[in-house]
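Asker: Next up is a structure, given as C-alpha cells.
Every number here is computed from the coordinates shown, using simple stated rules; none is lab data. Everything numeric in this text was worked out from a predicted model, so none of it was measured. With ideal geometry, Cβ positions are generated from the backbone for all residues, glycine too; neighbour counts draw on all protein chains shown.
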Amino acid sequence: MSNVDCLEFLVGAEKELRDVLAASEVAPLLHAAVTAGAHRALVQSGREVLWQWPEDPVVATESPTCLMKALPLWLEGEAVGEVCVEADMTHPAHDALTRMLAAALNTAMNANLKRMLTTEIHTQVVNQSYEELLAANRDLTASEARYRELAEHLEVRVQERTAELEQTWARLLRQEKMAAVGTLAAGMAHEINNPLGFILSNLNTLQKYVGRFVDMLEFFNHRIGACLSADLQDAARNKWRDLRMDYLTEDVAELLPQCISGAQRVKQIIADLRGFAHIDVAETAPVKIAEALARTLAVMKAEIPADARIEQRLVNLPELKGNGALLCQAFMNLIRNAVQARPEGLELTIRGERCADEVCLAFRDNGPGVAADLRSRIFEPFFTTREVGQGIGLGLTVVHEAARAFSGRVEVHDAPGVGAEFVMYLKAGEGGDG
Amino acid sequence: MIEFNPADNKMVLKLVYYGPALSGKTTNLLQLHELLAPEGRGDLMMLDTRDDRTIYFDLLPFFLTAPSGLRIKIKVYTVPGQVRHDSTRKAVLQRADGVAFIADSQLSETGNNVASFENLEKNLALVGLDIASIPLVIQFNKRDLPRVVSEADIDRTWRPTGIPIQMASAVAGAGVLETFSILAARTFMQLDERWRLERDHGLSQEDFLRQLSVRN
Ligand SMILES: Nc1nc2c(ncn2[C@@H]2O[C@H](COP(=O)(O)OP(=O)(O)OP(=O)(O)O)[C@@H](O)[C@H]2O)c(=O)[nH]1
Ligand SMILES: [Mg+2]
C-alpha cells in the first residue's frame, strides 16, 4: 500500500517474494538439491540473493560442464524472482532437479498467497463487521437516548399541560366564585336594602317622636307638677329619680342619631359592595379607573389600618372597556398585598397615567419587596410566600388575568428604596376581551 | 487503482465482476482462464468456496509490460453475490478501476438483478467511487436458458443509460471474452486520459487488449 497512514488492508495489495516464501520452507528444498548433487542452489529477486545453500559458497569449480540454470518464480502472473541451480547440467537428473525445485517453490508460493489472501480478507471482513456492529450499536444508543429524551420531554410536556389545566380550572373556579359572590351580594343587597329603608325612615320618624315625648315630659315636669299635691309631687319626683329620667332623656338624644348614622353606614357599605361587584352596571359599560379605585378602597375601609397612607395620583386617565368587577378585584388584591406586606406604617402610592396607547397603573409600597427569584412565580395561582394555612395565594393571578382581560400585562419591580412596585399596563382605546 | 508507484515503475489495477448470487461471475473467470493462454496471466485463485458459492473472492491476475518498461498488473476479482456477504463485496470493491456487472437473464431473477445493481451503486458510493464515471459493462448471462428476459426488453431498459450490454452464456464460454474486452477497453480509455499510457508509455489500447487476451 502506498498510503502509509492507512493501516487497513486493501484487497489486492501487492506482495513480494519474501512475503509469500519463508526461509523455513525454502532452505530444506535448496539443501535437498545440493544433497542430490547440485553444487549450489539459490533463490534471488532481481540481483538480490534471498536464500542459498550452502550458506557460504566456495568459489565455483572451474568446470565447463558446471552451469547455472535459472527458472522463474511466478507471483500473480509476474516473474518476481528465480530459483538457480549450479550443477553439472550434462547430467539430465540435474535439469529435472531444477524443474522440481521451481515447481515446488511455485506451488508453495501459490498456496501461501491463497492462505494469506483468505486470512486478510477474512480479517478485513470481520473487522468491518465488528466496526459496523459498533456503529450500529452507537446508532442504537443514540436513538435510544433520543427516545429517552423524547420520553422525558413528554413528561415535561404533560406537566406543563397539567399546570395549564390547573390554572384554567382555578380561573374558572374563581370566576364562578366571583359570579356566585356577585349574585349573592346582589340578592343580599336587595334583601337588606328594603328593611334598611324602613329602619332608616322609621328611625328618623322615631327621633322626631321621641323629641316630642321629651318636650311633653319637660312640660309636665315644670308646669303641671307645681299644681299637684305635695304627696303627688313627692311621688312624681321619686318616680322620676327611680326611672333615671334625667339620664334617659339625655341619652335618647344621642342614641337615635347614632342608630341612624349606623344604618346609613350599612346603606353605604351595601352601595359600595354593589359598585365594587358592578352589580348594577351593564357589562359593556365603560370602566372609570378612578371610580373603580374609589369603590375598592371603600369596601376595604375596614382592613386598611388607620395609620396607612394611601396616595393617589391619577392623571388624565381614559375610560376603559372591559370587566370593571375584575379590575376592582385586581385593585383589591394589590392593595391587600401591600397592607399585608407592611401592616404598620404603610405608604402606598397609586400612580396612574396614560403612556401612548396604554394606561399604566403603578402600585408602589414600602414593604420588603419581592425576591428576584420569586418574581416569575408569584403570578401562579395558589403561589404564596406565607405560611401554609394563612390563605391561598397572593391573588396575583387575578391581577394577571385582569391585565390580560384588558389586553395588557403586569410586571413587578423593585421600588426605589424599599418595597415592591406592581405595574399594570392596560390597553387604552379599544377595549379588552373581559 | 490499487497502486501506482512511479519509482518502482509499476501500476496495479483492479477489475471487479459484480452481480447477484449464482449469476455466473465465477464461471466467467473460469472461462477466461480456460480461453486465455498462460502467457501474461497468472493462475486463477479461487478462495474457499462453500457449495461452489463464492465466500470471499476469486482472483485472476494479468501481467504485462508497456514499451516504456512500465509494469502493469491487472487483478480481476469476483465478489460473492449472496446478500449476506456485503462486507466482502465492499472490501473487494475498494479502489476498483472498472466493473463488469453479471446479470442473470432468467425472468425469475429480474428482482435480484435490480437489488444487486442498487447494492453496487450503494457500495461504490461507500468506497468513494462514482457509478456514473467508473468504466462499467453489463453482461446478461445464461442466454441459453428458457424463460429469459428478451433482448428487446434489455435494450429498451439499458440503452438510454449508455452502458454497454453484452449477451453471454458463460458456461459455454460465449460472450465471456467480449465482456472482458469491453471492460478492459473502457478501463484503458479512462486510465489513458489520466496517466497518458499511450503518449508517455507507448502503450496503445490495441496493444493493451492484445496482451490481455492472448487466446489459447
Ligand atoms: N445455464 C447456464 N448456467 C450457468 C451459466 N453461467 C453460470 N451458470 C451456472 O450457474 C451456477 C452459478 O454460477 P457461478 O459462476 O458459481 O455463480 P456466481 O455468480 O459466482 O455465484 P456466487 O459466487 O454465489 O455469487 C453454476 O451452476 C453455473 O454452472 C450460463 O450461461 N448458463
Ligand atoms: Mg462465485
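Asker: Quick one: is residue B:89 within 27 Å of residue B:161 (Cα to Cα), part of a helix (DSSP H, G or I) and either within 16 Å of ligand 2 (Cβ to nearest atom) or touching a residue at least 24 places away in the same chain (Cβ under 8 Å) (or both)?
Answerer: Values: within 27 Å of residue B:161 (Cα to Cα): yes; part of a helix (DSSP H, G or I): yes; either within 16 Å of ligand 2 (Cβ to nearest atom) or touching a residue at least 24 places away in the same chain (Cβ under 8 Å) (or both): yes.
Answer is yes for this residue.
Asker: Do you know which residues across the stretch B:1-42 are part of a loop (DSSP other than H, G, I, E, B) and within 16 Å of ligand 2 (Cβ to nearest atom)? Let's see the steps before the verdict.
Answerer: To start, the set of residues in the stretch B:1-42 that are part of a loop (DSSP other than H, G, I, E, B) comprises B:1-2, B:6-9, B:19-24, B:37-40, B:42.
Those that are part of a loop (DSSP other than H, G, I, E, B) and within 16 Å of ligand 2 (Cβ to nearest atom): B:19, B:20, B:21, B:22, B:23, B:24.
Asker: May I pose another question? Condition check: closer than 27 Å to residue B:212 by Cβ and more than 16 Å from ligand 2 (Cβ to nearest atom). Does residue B:95 satisfy that? Write out each step before concluding.
Answerer: Working: closer than 27 Å to residue B:212 by Cβ: yes; more than 16 Å from ligand 2 (Cβ to nearest atom): yes.
Against the criterion (closer than 27 Å to residue B:212 by Cβ and more than 16 Å from ligand 2 (Cβ to nearest atom)), residue B:95 qualifies.
Asker: So residue A:15 ticks every box in (1) out of contact with any Leu (no Cβ under 8 Å at 6 or more places or on another chain); (2) of a type in the set (Lys, Arg); (3) in contact (Cβ under 8 Å) with a residue 40 or more places away in the chain but one. Which box is left unticked?
Answerer: If we test residue A:15 against (1) out of contact with any Leu (no Cβ under 8 Å at 6 or more places or on another chain); (2) of a type in the set (Lys, Arg); (3) in contact (Cβ under 8 Å) with a residue 40 or more places away in the chain, just (1) comes out false.
Asker: Working only within the stretch B:32-71, note down all residues that are among the aliphatic types (A, V, I, L, M), more than 10 Å from ligand 1 (Cβ to nearest atom), in contact (Cβ under 8 Å) with a residue 24 or more places away in the chain and surrounded by fewer than 23 Cβ atoms within 10 Å (Cβ to Cβ).
Answerer: B:35, B:36, B:37, B:64, B:66, B:70
Asker: Sort out which residues of the stretch B:125-176 are assigned to a helix (DSSP H, G or I) and within 16 Å of ligand 1 (Cβ to nearest atom), and write them in order of number. Show your work before the answer.
Answerer: At the first step, the residues of the stretch B:125-176 found to be assigned to a helix (DSSP H, G or I) are B:125-126, B:151-161, B:170-172, B:176.
Scanning the stretch B:125-176 gives B:151, B:154, B:170, B:171, B:172, B:176.
Asker: Can I ask one more? Do you know which residues across the stretch B:112-144 are closer than 15 Å to residue B:163 by Cα and surrounded by 19 or more Cβ atoms within 10 Å (Cβ to Cβ)?
Answerer: Matches in the stretch B:112-144: B:120, B:135, B:136, B:137, B:138, B:139, B:140.
Asker: Sort out which residues of the stretch A:72-124 are within 10 Å of chain B (Cβ to nearest Cβ) and among the basic types (Lys, Arg), and write them in order of number.
Answerer: A:114, A:115, listed by residue number.
Asker: Moving on to the next point. Could you check the stretch B:43-71 and list, in sequence order, the residues that are assigned to a loop (DSSP other than H, G, I, E, B) and within 11 Å of another protein chain (Cβ to nearest Cβ)?
Answerer: Keep residues of the stretch B:43-71 that are assigned to a loop (DSSP other than H, G, I, E, B), which gives B:43-44, B:47-48, B:51-52, B:55-57, B:66-70.
Once the filter is applied, which keeps residues that are assigned to a loop (DSSP other than H, G, I, E, B) and within 11 Å of another protein chain (Cβ to nearest Cβ), the stretch B:43-71 yields B:43, B:44, B:47, B:48, B:55, B:56, B:57.
Asker: Consider residue B:109 carefully, then state whether it is farther than 24 Å from residue B:158 by Cα and either within 14 Å of ligand 1 (Cβ to nearest atom) or crowded, with 20+ Cβ neighbours inside 10 Å (or both).
Answerer: Numbers: farther than 24 Å from residue B:158 by Cα: no; either within 14 Å of ligand 1 (Cβ to nearest atom) or crowded, with 20+ Cβ neighbours inside 10 Å (or both): yes.
No: the conditions fail for residue B:109.
Asker: When residue B:96 is evaluated against the numbered criteria (1) within 14 Å of ligand 1 (Cβ to nearest atom); (2) part of a loop (DSSP other than H, G, I, E, B); (3) among the hydrophobic types (A, V, I, L, M, F, W, C), which criterion, by number, is the only one it fails?
Answerer: (1)
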